[in-house]
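Just below is one structure, and these are the notes that go with it.
Derivation of every value follows stated rules applied to the coordinates shown; laboratory data play no part. In this text the structure is predicted, and so the values were computed from the model without any measurement. Cβ coordinates were reconstructed from backbone atoms using ideal geometry, including for glycine residues, and neighbour counts include every protein chain displayed.
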Amino acid sequence: MTDTIEERACQLAVYIIETGATVRAAAQHFGISKSTVHKDLSQRLPQYNKRLYLQVRQILDTNKAQRHIRGGLATRKKYELKKQSHWQGH
C-alpha cells in the first residue's frame, strides 16, 4: 500500500476527508483491517500531522454519531428484501 506507516495514516485521512468514508469503508478500500485504520488515525496521525488529524476527526465523529441510524436502515433493508423474496416464492 505505502512505504511508511506515516504515509499510510495520511493517505487514509485524505481518503476519508475527500469521500466522507467510514472506517469500515476505508479499511476495505485500502485492504487493511478496521483496527489498523482506527489506530493509524487516532494514535499515529496526531503525531505526524495534527492539522490533518483534526480534519479527519470531525468526519469520524460525525460518522460515529450517525452509525445507529445507518444500522437501523441496514436492518430495515434486510427485512424488506427478505419480505420481497418471500412473496416472490409463493
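Structure summary
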| item | result |
| --- | --- |
| Count - residues of the range 16-35 that are crowded, with 17+ Cβ neighbours inside 10 Å and in a helix (DSSP H, G or I) | 5 |
| Subset of the range 23-46 [small (Gly, Ala, Ser) and within 11 Å of Ala13 (Cα to Cα)] | Ala26, Ser42 |
| Which numbered condition Leu45 fails, given (1) touching a Phe, Trp or Tyr at 6+ places or on another chain (Cβ under 9 Å); (2) in a loop (DSSP other than H, G, I, E, B); (3) of a type outside the set (Phe, Trp, Tyr) | (2) |
| The range 57-85 residues that are surrounded by 10 or more Cβ atoms within 10 Å (Cβ to Cβ), paired with ones that are assigned to a helix (DSSP H, G or I) (beta carbon under 6 Å, 6 or more apart) | Ile59/Ile16 |
